[in-house]
Each structure stands twice: as structure tokens, then as C-alpha cells.
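S.K.: Mind having a look at this structure? Questions to follow.
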Amino acid sequence: MGVALFEVQAVNEQHQGQMCSHAHFNLSINRKATAAKQGSTIDSMDEAYFLRVQVLAFRLMGFDLWNNNSSKDRPQISFLVIGTMGAFLGPLFFAIKFYIKNVSIMSDAMGSFLAILLTLVKYGVFIYYRGDFVQLIYRIRGILEREIVAWPQAAQIVETENRSDQALSLTYMRCFFAACLFAGIKPIVIMVTTKLRTGETYLELPHSGVYPWSDQAILYYAPTYIWNLLASYGAVTMSLAMDTLLFAFTYNVCALFKIAQHRIRHLQPMEQEPRQELLQLIDVLRLHQTGLMIATQLGRSLRPLVFMQFFVTALQLCFLGFQLADLFPSPVCVYFIFFVSSLLIALFIYSHCGENMKQASADFAIAVYDSNWVEFAPATRRALIVTIMRAQRPCQLKGYFFEPNMATFSAVVRSAISYVMMLRSFNATGQA
């Protein structure tokens, strides 16, 4: 009966335990965690920085990440930001259509259009999968709590992974908000430099758009400028919220895999109690199986997001890269430097997270080899054979027909550079 029976029993028991784990609780890295009653207030994991940046980003959009419904949301903020951002697609579309032969203006409008379109996709993914995401947050926290209580060495792994996640997310946030800030400053810089060079005053806006009114009239310019800023704010904040949430999920899934690896490496043989030895192994396999199940769920839920992120970012790099090359070294290009840097960082982090999760799941097989398997009982060794076979099929994020990894990142960047050169040649031909 041996291996198969124990593994099925392990999966069933784990599934039953997970269904009861979705409760609010406080988790502290340096002391024993205690479970709280369902519906109680959530306190942040201060020492692990669990979801700190993510919660802030969602609050800026009016969403409460700790609830799977809108009872504690601020819908007036969400509707204002998403509504103004969605409506801004109109002026951008007409700018692309009107300036189709002016590559410089068209590429500027196209970059903004794609950024807002991608943000609306992320908003839709969050609204559709919100219940699943919140449930997954509590599920991961519950598992981490139990592991720290039962095995204190797991605390260091959890802390390391969450600190890495928050450092990465915070860097990402700073770069994106810097781009948003420069989007607001860019028109002022252009107007000042134009005034100094020509002596004329020409009102500029953060984004190239065609409006049904004259944006050179001061009465219409001020609300149009605010509309531009609100669209930039919504595109940046919603992208930050969803992207950093993906980072947090992948890092914490990696924490589960690494805890399982550490435990199996330190699994001690029990010559006198082979059944107890096998039960301890099954407990580790339960944790690994849980990580695989969560990773698979993430892969299914995030496929639309991963696909759109890579597809749209590749197009944005083409158009914004052209703008950067065309305007360099004027002061206005500072905005495009930050914008392109933000896109590259986003693409790199998506690729890094995908490769990190794949490697962490595959490393479990190496951890089994590093264990004291030669001293285990025959039943335990047979169970390890099946475990190694499963670990050789790693879990990974997918964008339907591709995997987000460093090879994909390199291919996208190379292709974008090629298209930038093509746009520059088209622009040179048009000017000639």
C-alpha cells in the first residue's frame, strides 16, 4: 500500500486543514503566533513586512485588500480614478488617429494609450479574481503561521522572502511615482524652455491628446491638465497594486518551497520507529504539495495579467524608446527615462518572479538528494522516489504560450530595440 496511500492521505488531510485556516491572525517572526477569531482586525506582520506596500497601493485606489467584498472600500476614489482614466482613452485614440503620420506625437500618444489599456486589464483581473486573491492571502498566512509555530527555523526563511519582496516592491513604487511626478512637471519644463527660446507661450499637457475644446484657452487648460494627472495617477497606482501583489504571492510561495526543502534536508532517520519517520516525511510532503497547489492556482489566475504585461510592455518600449531617442538630450527626456526604466523594471521583475518560483519548486528534488536518504527506512526511500519524480516538473507562471523568465525578458528587450530603430528610420524618411 505504502507510498500511494500515504500521499493521497497527505493531500486529503492537507486540503481539509487548509479549508479551516482562513481566519484573521497576527503573525510575528520573533515570537509564537496565535490564531485570532474570524472577522477580527488584521494586524500587519511588522517584522516580515507582509504585504505592506501592496496594502498601501490598493488603499490609494480605494480598495481594502484584506476583504473579499467592497464593504470597507472607498468606491468614490475607485470610480473617480478608473472613470477619468477610462474616459482619457478617447483623446488619446483621436491623437493617434489625427497624428498617424507624425511618428513623434503618435508614439507619445500610443505609449500613454497602451499604459491605460494595460491598467484597465489589471483592474478587471483584480475585480474578477478578488475573492480568490483575498482567500489565497489568508491561506498563505495561515500556512506560514503553522510552520513557524511547529518549526521555528521557518521564521528566518519567511522574513528573508518577505523583506526581499518589500524591498523590490518599494523600489518599483518609487520608480513609478517618479515617472508620474515627471509627467506632471514635463509640460512646465517644455513651456519654460519654449518661452526662453522663442518668447512665445504655448500651453502644454502631460500627454498628447485631441480634445473637443481648445486646450490653449486657460479656462479649459486647467481642468484638462488635472484630467491628465488623474489618468496618470490611476495608471500608475493600479499597476503598482496588481504588480506588487503578484510579487508578494510568488515570494511567499517560494518561502513555502524553501521551508519544505530545509525540513527535508534536516529530516532525521529513526531506525527504531520507521513509521514515525515516514509520518514526518509525509508532513513535509504535505507542505510541498500545498506549495504546488497554490503555485498552480496562481498560474491559472494570473495568465491574462502576465500575457498582457509582456505584450503591452513590449509595444510601450517601442514607442517610448523612440521618444527617448528622439528627444535626447533635452530636459524633457528625463520623463521618458523614468518611464522606460519603470517598464524595464516591471518586465524584469515579472521575469525574475517567474524564474524564481520555477527554480524554488525544482530545487526540492535537490533537497531530497541532500537529505539522509541512505539511512531512511525502505518505505521512506520509496516515498522519496515518487517525490523526486514530481519535483522534476516545476511549477511556473505562464502567459498562455510563453513563460516569464530571463530568456523571455532578453528577447523582448532585443525586439523592442529593433523596432525603435525601425521607427527612427520611418521618422527620418518622413522628415526628408
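The values are calculated or read from the model by the stated rules, or taken from the named source; none is laboratory data. All values reported here derive from a predicted model rather than from experimental measurement. All Cβ positions, even for glycine, are placed from backbone atoms using ideal geometry, and neighbour counts span all protein chains on display. Just the protein is used for accessible areas: all its heavy atoms, side chains included, with ligands, DNA and RNA removed. Shrake-Rupley method; radii C 1.70, N 1.55, O 1.52, S 1.80 Å.
Matching residues to (1) within 22 Å of Val125 (Cβ to Cβ); (2) buried (at least 17 other Cβ atoms within 10 Å of the Cβ); (3) of a type outside the set (Phe, Trp, Tyr):
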site: Gln272; (1), (2), (3): no, no, yes
site: Gln276; (1), (2), (3): no, no, yes
site: Gln289; (1), (2), (3): no, yes, yes
site: Arg300; (1), (2), (3): yes, no, yes
site: Leu305; (1), (2), (3): yes, yes, yes
site: Met308; (1), (2), (3): yes, yes, yes
site: Gln316; (1), (2), (3): yes, yes, yes
site: Phe319; (1), (2), (3): no, yes, no
site: Phe322; (1), (2), (3): no, yes, no
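S.K.: Checking Ala379 against (1) within 35 Å of the chain's Cα centre (by Cα); (2) surrounded by 15 or more Cβ atoms within 10 Å (Cβ to Cβ), which test does it fail?
M.R.: Among (1) within 35 Å of the chain's Cα centre (by Cα); (2) surrounded by 15 or more Cβ atoms within 10 Å (Cβ to Cβ), Ala379 violates only (1).
S.K.: Taking the condition farther than 29 Å from Val125 by Cβ, touching a Lys or Arg at 6+ places or on another chain (Cβ under 9 Å), crowded, with 16+ Cβ neighbours inside 10 Å and modelled with pLDDT under 90, does Ala10 pass? Spell out the reasoning first.
M.R.: Values: farther than 29 Å from Val125 by Cβ: yes; touching a Lys or Arg at 6+ places or on another chain (Cβ under 9 Å): yes; crowded, with 16+ Cβ neighbours inside 10 Å: yes; modelled with pLDDT under 90: yes.
Answer is yes for this residue.
S.K.: Taking the criterion of being open to solvent by less than 70 Å² (accessible area, probe 1.4 Å), part of a helix (DSSP H, G or I) and modelled with pLDDT of 80 or more, would at least one residue in segment 417-430 satisfy it?
M.R.: Going residue by residue through segment 417-430, those that are open to solvent by less than 70 Å² (accessible area, probe 1.4 Å) are 420, 423, 425, 427-428, 430.
Filter once more, so that each one left must be part of a helix (DSSP H, G or I): 420, 423, 425, 427-428, 430.
Now drop any that are not modelled with pLDDT of 80 or more, which leaves none.
No, every residue in segment 417-430 fails to be open to solvent by less than 70 Å² (accessible area, probe 1.4 Å), part of a helix (DSSP H, G or I) and modelled with pLDDT of 80 or more.
S.K.: Enumerate the pairs (first residue in segment 61-78 and at pLDDT 90 or above; second residue anywhere and among the polar types (S, T, N, Q) and loosely packed, with under 14 Cβ neighbours inside 10 Å) with beta-carbon separation below 9 Å, excluding pairs fewer than 6 apart on the same chain, so at least 6 apart or on different chains.
M.R.: Final answer for the pair search is Gly62/Gln76; Asp64/Ser71.
S.K.: Further, regarding this structure: Gly234 fails exactly one of the following numbered conditions: (1) within 19 Å of Leu114 (Cβ to Cβ); (2) touching a Cys at 6+ places or on another chain (Cβ under 6 Å). What is the number of that condition?
M.R.: (2)
S.K.: In segment 172-216, how many are over 18 Å from Val340 (Cβ atoms) and either of a type in the set (A, V, I, L, M) or open to solvent by less than 30 Å² (accessible area, probe 1.4 Å) (or both)?
M.R.: Of segment 172-216, the ones over 18 Å from Val340 (Cβ atoms) are 187-188, 190-205, 209-216.
After this cut, where a residue has to be either of a type in the set (A, V, I, L, M) or open to solvent by less than 30 Å² (accessible area, probe 1.4 Å) (or both) as well, the list is 187-188, 190-192, 196, 203, 205, 209-211.
The qualifying residues number 11.
S.K.: Would you check which residues across segment 253-272 are farther than 19 Å from Leu397 by Cβ and outside any loop (DSSP other than H, G, I, E, B) and list them?
M.R.: Step one: list which residues in segment 253-272 are farther than 19 Å from Leu397 by Cβ, which gives 259-272.
Selection gives Ile259, Ala260, Gln261, His262, Arg263, Ile264, Arg265.
S.K.: How many residues, within segment 189-247, are closer than 20 Å to Phe94 by Cα, in contact (Cβ under 8 Å) with a residue 12 or more places away in the chain and either assigned to a helix (DSSP H, G or I) or not small (Gly, Ala, Ser) (or both)?
M.R.: Residues of segment 189-247 that are closer than 20 Å to Phe94 by Cα, as a first pass: 203-217, 220-221, 223-232, 235.
Going one step further and asking which of them are in contact (Cβ under 8 Å) with a residue 12 or more places away in the chain, we end up with 203-211, 215-216, 221, 224-225, 227-232, 235.
Keeping just the survivors that are either assigned to a helix (DSSP H, G or I) or not small (Gly, Ala, Ser) (or both) gives 203-207, 210-211, 215-216, 221, 224-225, 227-232, 235.
The number of residues fulfilling the criteria is 19.
S.K.: Tell me, which residue of segment 384-409 that is among the polar types (S, T, N, Q) and surrounded by 12 or more Cβ atoms within 10 Å (Cβ to Cβ) is farthest from His288 (Cα to Cα)? Even if it seems obvious, please write down each step before you answer.
M.R.: Restricting attention to segment 384-409, the residues satisfying the condition of being among the polar types (S, T, N, Q) are 387, 392, 396, 405, 408.
Right, trim to surrounded by 12 or more Cβ atoms within 10 Å (Cβ to Cβ) and you get 387, 396, 405, 408.
On the way: Thr387: 9, Gln396: 15, Asn405: 22, Thr408: 27 Å.
Filtering first and then ranking leaves Thr408.
S.K.: So which of Leu240, Leu219 is crowded, with 19+ Cβ neighbours inside 10 Å and modelled with pLDDT of 85 or more? It would help to see each step written out before you state the result.
M.R.: On the way: Leu219 fails: crowded, with 19+ Cβ neighbours inside 10 Å.
It is Leu240.
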